[in-house]
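Please read the structure below before turning to the comments.
The values are calculated or read from the model by the stated rules, or taken from the named source; none is laboratory data. Quick caveat: nothing in here was measured; it's all calculated off a predicted structure. Because the Cβ atoms are built from the backbone with ideal geometry, glycine has one as well, and the counts that use them run over all protein chains shown. To get the accessible areas, we keep the full protein, side chains included, count just its heavy atoms, and leave off ligands, DNA and RNA. Shrake-Rupley method; radii C 1.70, N 1.55, O 1.52, S 1.80 Å.
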Amino acid sequence: IRAEPIKIAAIVNHRIISETDLRKRINLAVISSGATDSATAQKALTKQILNMMIEEQLQLQLGEEYKIGIDDG
């Protein structure tokens, strides 16, 4: 079985945000907002959601760097 190559939406300090992950997050945003799923709606959200995913990745990396964890309490 031949695996499809990963398409890259962004690279954040050597970590990849894939096009697949971006599409899934866009679809989730469209569904949770109750908006009509269309190419226009997805296109409008793409930049905003990609920026949000980059910011999340930066926060996770900083947390790892400073050994910040979240406990159950």
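The set of residues in segment 1-22 being modelled with pLDDT under 95 and not in a loop (DSSP other than H, G, I, E, B) is empty. The set of residues from segment 19-32 being farther than 11 Å from residue 50 by Cβ and either surrounded by 11 or more Cβ atoms within 10 Å (Cβ to Cβ) or within 11 Å of the chain's Cα centre (by Cα) (or both) comprises 20, 24, 27, 28, 29, 30. In segment 33-47, the residue that is farthest from residue 12 (Cα to Cα) out of those that are out of contact with any helix residue (DSSP H, G or I) (no Cβ under 6 Å at 6 or more places or on another chain) and open to solvent by 90 Å² or more (accessible area, probe 1.4 Å) is 36.
Assess whether residue 50 counts as being part of a helix (DSSP H, G or I), open to solvent by 50 Å² or more (accessible area, probe 1.4 Å) and not hydroxyl-bearing (Ser, Thr, Tyr).
On the way: part of a helix (DSSP H, G or I): yes; open to solvent by 50 Å² or more (accessible area, probe 1.4 Å): no; not hydroxyl-bearing (Ser, Thr, Tyr): yes.
Spelling it out, it is not the case that residue 50 is part of a helix (DSSP H, G or I), open to solvent by 50 Å² or more (accessible area, probe 1.4 Å) and not hydroxyl-bearing (Ser, Thr, Tyr).
Residues that are at pLDDT below 95 and β-branched (Val, Ile, Thr) within segment 47-73 comprise 68, 70, listed in sequence order. Of everything in segment 33-46 that is under 16 Å from the mean Cα position of the chain (by Cα) and not small (Gly, Ala, Ser), the residue that is modelled with the highest pLDDT is 46.
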